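Here the structure is laid out as structure tokens; the discussion comes afterwards.
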Amino acid sequence: MQTITTVGLDIAKSVFQVHGVDAQGKVIVRRQLKRRYVLAFFQKLPPCLIGIEACASSHYWSRELQALGHTVRLMPPAYVKPYLKRQKNDSADAEAICEAVTRTNMRFVPTKTVEQQSCLMLHRTRHLFIRQQTAVINAIRAHFAEFGIVAPVGRTGVEELLKIASDGNDKRLPDVAGSVSRRLAPSCRCSRREYWSLIA
């Protein structure tokens, strides 16, 4: 069997596609691999160049394959797309990746370390919390407006609405609507500084 020098690896959640060629560009292997067999497959190969699209879990696979002695290069999917020769599917994607990774003018994405990915997760989680908080505040304002109750923009305005919801003597808001609003209250009272403490 001729030596595989370059591999295009199309990663997925469970079934991966491998497209491997030799130094002359002749196709040596074109096959699917279940996730649990990926590392075992590459462990048997001599060190080669592996191309992967930079997407979900690509940095993990890059680190794992580099640990086996391979050279791994991550590429933005938009830069791989021009090398797609036929209808888009996993096999065609792997072939396009295999061709793109050998191009001298290709731009690559550095593989993130575990620490870098952890930091990125921290920022994304904080951003998610803030987006959810904004959505809840907007929902509370919209619900209260349906009953003709409005408040100034900002945190103090929302607090005014929540005080109405918790005031049993205020009959502007029906009991069911007040109960629902009180359940939403904790989600919109957390400050941005407190979000850091939640995930730090």
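Here the calculated FRET efficiency for Leu122 and Glu64, from their Cβ-Cβ distance with R0 = 22 Å, stands at 0.45, rounded to the nearest 0.05. Scanning residues 5 or more positions from Met75 or on other chains, those with amide H under 5 Å from its amide H are Ile52, Glu53, Ala54, Val109, with H placed 1.01 Å from N in the peptide plane.
As a length-normalised measure over Cα pairs under 8 Å and 6 or more apart, the relative contact order of the chain settles at 16 percent.
With a Förster radius of 41 Å applied to the C-beta separation of Arg131 and Ala23, the computed FRET efficiency comes to 0.25.
Only DSSP H runs of four or more residues enter the estimate; each adds -39500 (n - 2.57), and after division by the residues of the chain the mean residue ellipticity at 222 nm equals -15000 deg cm²/dmol.
Between Ser57 and Lys171, the distance separating the two model label sites (each 7 Å from Cα on the Cα→Cβ line) works out to 5.9 nm.
Between the beta carbons of Asp90 and Lys44, assuming R0 = 30 Å, the FRET efficiency works out to 0.90 to the nearest 0.05.
Cα centroid separation, segment 81-119 to segment 20-35: 15 Å. Here the Gaussian network model covers the chain, with springs between Cα atoms less than 10 Å apart; of Asn169, Asn138, Asn105, Asn169 fluctuates the most. With N counted as the residues of the chain, its alpha-carbon radius of gyration over 2.2 N^0.38 Å works out to 1.59.
Using Cα positions and a limit of under 29 Å, work out the lysines in reach of Lys81, with same-chain residues fewer than 8 apart set aside. Lys81 reaches Lys13, Lys26, Lys34, Lys112.
Label-to-label distance for Lys163 and Ala78 is 4.9 nm, based on points extended 7 Å past Cα in the beta-carbon direction.
Values quoted throughout were computed directly from the atomic coordinates according to the rules given, and no laboratory measurement underlies them. These numbers were taken from a predicted model, which means no experiment stands behind them. Note that we place each Cβ from the backbone using ideal geometry, even for glycine, and neighbour counts take in every protein chain shown.
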